[in-house]
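The values are calculated or read from the model by the stated rules, or taken from the named source; none is laboratory data. Quick caveat, the model's predicted, so the values are computed rather than measured. Positions of Cβ are backbone-derived with ideal geometry, glycine not excepted, and every protein chain shown enters the neighbour counts. For the accessible areas, the whole protein counts, side chains as well, though only heavy atoms, and no ligand, DNA or RNA atoms are used. Shrake-Rupley method; radii C 1.70, N 1.55, O 1.52, S 1.80 Å.
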Amino acid sequence: MYVAVKGGEQAIARSLELLAEARRGDTAVPELELAQIRGQLRLGVARVMQEGSLYDEELAALAIRQAAGDMLEAIFLLRAYRTTLPRFGYTLPLDTTAMRVRRRVSGTFKDIPGGQVLGPTYDYTQRLLDFDAAVAAEVAPADVPLPSDMPRVLDLLDAEALIERIEPGSDPEPVDLTREPLMFPADRATRLQNLSRGDEGFLLGMAYSTQRGYAESHPFAGEIRMGEVDVRICPEELGFAIEIGSIVLTECQMINQFHGGNGVPPQFTRGYGLTMGEGERKAMAMALVDRALRCDELAEPNHAPAQNQEFVLSHSDSVEASGFVQHLKLPHYVDFQAELSLLRTLAAQHATDAEEQPLSAAGGQRS
């Protein structure tokens, strides 16, 4: 047994050496610098930060390089590192209305206060491989600077009482899902925490299902905005809020139909999504799934997969999903031998019963 274990350790050590060699690639080619990954793979960096629950572009870039571009592995690395960090406190709620906007669009109104700001987006590209991509020229500043205050598009509907109103501070104090276990039924704040670091591909599939009739959903993109938001904390020793930096966020508010009832007038309802960095697709998917999960709150039929909060929330975490699937590669010798032994016993019993059955039938014919 000791020899086998020793042999296994040597094989694992050799495997790690091969992994390092494969990750580095051709040593004649310069190694990727973290600054290159941060600057040129910013969307991948944003996803790793979001699902890794840690806003740090440098560490996310390091995780991507170490994982050789495997985003799920990079997310796992960042999430694991995050558990080693001390926690000094909690920030105050972020004020996204004061966002310094880089991109801001609405699919519901053509003319909105502050205007449509296309910003950096693939929406208007032809999705063709560009074999002659040149270095982009420096973009000249706009003739007219963006207004510092861009009111929310949904405020237009709110002014007419045509969309549900959510008063600031009306929600209960959220639990910290990174320290508390997920319990069902989960309130909306807990669900949003779960969705914010959920796997983008899974949420995209769930969001797609709601648009194909599996949640009676007919959404409109009310507003999508991306930009910098200040982060503030309120230290106990000071007693007042101070700004400690800023981060890039993407926010999406979806508008969905609702017919009212139980004293509630006919009005639109909201779905909400928020991601770290540039994560427009993830924020949109999150908003669609958030709205689907509100079916019980809004007394709607609950029959679609995207409306089942236990199904969605329990299976959206890429770290847990990856771990459960990939653990099947690890040795299961004892478990398999136990099942193999049981199967052999059952097969032998089946063969014995098959041999005895014709004899019983023949005996019955003689009588």
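How high is the relative contact order of segment 15-82? Use alpha-carbon pairs under 8 Å, at least six apart in sequence, and give a whole percent.
Working: 65 pairs, mean separation 20.5, N = 68.
About 30 percent, as a whole number.
Between the listed residues ILE37, THR91, TYR55, the Cα displaced farthest toward the positive end of the dipole of segment 1-94, a dipole computed from Cβ unit charges relative to the Cα centre, is found at THR91.
Around THR210, under 13 Å between beta carbons, what's the net of Lys plus Arg minus Asp minus Glu among the other residues? Could the numbers behind the result be given before it?
Values: positive: ARG212, ARG291, ARG294; negative: GLU216, ASP290, GLU300.
So the surrounding residues net to 0.
When only the Cβ of Lys, Arg, Asp and Glu is charged (+1, +1, -1, -1), the dipole of segment 248-316 relative to its Cα centre reaches about 100 debye.
Quickly rank 148-160, 250-262, 335-347 as a protection proxy: mean count of other C-beta atoms within 10 Å, highest first. Working shown, then result.
Values: 148-160: 15.6, 250-262: 19.1, 335-347: 10.1.
The most tightly packed comes first, giving 250-262, 148-160, 335-347.
Segment 296-358 and segment 192-222 have Cα centres lying 26 Å from one another.
If I take R0 = 56 Å and measure r between the Cβ atoms of ILE242 and GLU9 in this structure, what FRET efficiency does the formula 1/(1 + (r/R0)^6) give, to the nearest 0.05? With R0 = 56 Å, the Cβ-Cβ based efficiency is 0.65. Relative to the longest principal axis of the Cα atoms of the chain, the long axis of helix 333-366 makes an angle of roughly 50 degrees.
Using the Cα centre as the reference, give the magnitude of the dipole from point charges on the C-beta atoms of the chain (Lys, Arg: +1; Asp, Glu: -1; all else neutral), rounded to the nearest 20 debye. Mind showing how you got there, number by number?
On the way: 34 positive and 54 negative charges, 128 e Å.
Dipole magnitude for the chain comes out near 620 debye.
If a/c stays under 1.5 just call it rounded; otherwise compare a/b with b/c (prolate if a/b is bigger, oblate if not). Do that for segment 300-345, with a ≥ b ≥ c from the square roots of the Cα gyration tensor eigenvalues. It comes out oblate by the Cα gyration axes.
Calculate for the chain the 222 nm mean residue ellipticity that helices alone would give, adding -39,500 (n - 2.57) per DSSP H run of length 4 or more and normalising by residue count, nearest 500 deg cm²/dmol. Could you put the intermediate results ahead of the total?
Details: 12 runs with 151 residues, N = 367.
Estimated from H runs of four or more residues: -13000 deg cm²/dmol.
What is the distance in Å between the Cα centres of segment 34-77 and segment 80-101? Measuring centre to centre over Cα atoms gives 18 Å. The residues of the chain have, on average, 65 Å² of accessible surface per residue, using a 1.4 Å probe with all protein chains present.
Fully extending the segment from SER341 to GLN211, taken as 0.36 nm per residue of separation minus the present Cα-Cα distance, adds 42.0 nm.
Nearest 0.05, what FRET efficiency do GLN257 and LEU328 give at R0 = 51 Å with Cβ-Cβ as r?
On the way: r = 43 Å, r/R0 = 0.84.
According to the calculation, E is roughly 0.75.
When each of the peptides 242-248, 17-23 is scored by how many other beta carbons lie within 10 Å of its residues on average, the order from highest to lowest is 242-248, 17-23. Looking at the square roots a ≥ b ≥ c of the eigenvalues of the Cα gyration tensor of segment 15-82, which shape do they give, rounded for a/c under 1.5, prolate if a/b is larger than b/c, or oblate? Oblate is the answer for segment 15-82, as a/c is 1.5 or above yet b/c matches or exceeds a/b. Of the solvent-accessible surface of the chain, computed with a 1.4 Å probe over protein heavy atoms with every protein chain present, carbon and sulfur atoms account for 58 percent. Oblate is the label for the chain, because a/c, from the alpha-carbon gyration tensor with a ≥ b ≥ c as root eigenvalues, is 1.5 or above and a/b does not exceed b/c.
Derived scalar couplings between HN and Hα for segment 66-74 equal 5, 8, 6, x, 6, 5, 5, 5, 5 Hz in order, rounded to whole Hz, by the Karplus curve 6.51 cos²θ - 1.76 cosθ + 1.60 (θ = phi - 60°), x for Gly and Pro.
With only Lys, Arg, Asp and Glu charged, each at its Cβ (+1 for the first two, -1 for the last two), find how big the charge dipole of segment 15-82 is about the Cα centre; round to the nearest 20 debye. It works out to roughly 220 debye.
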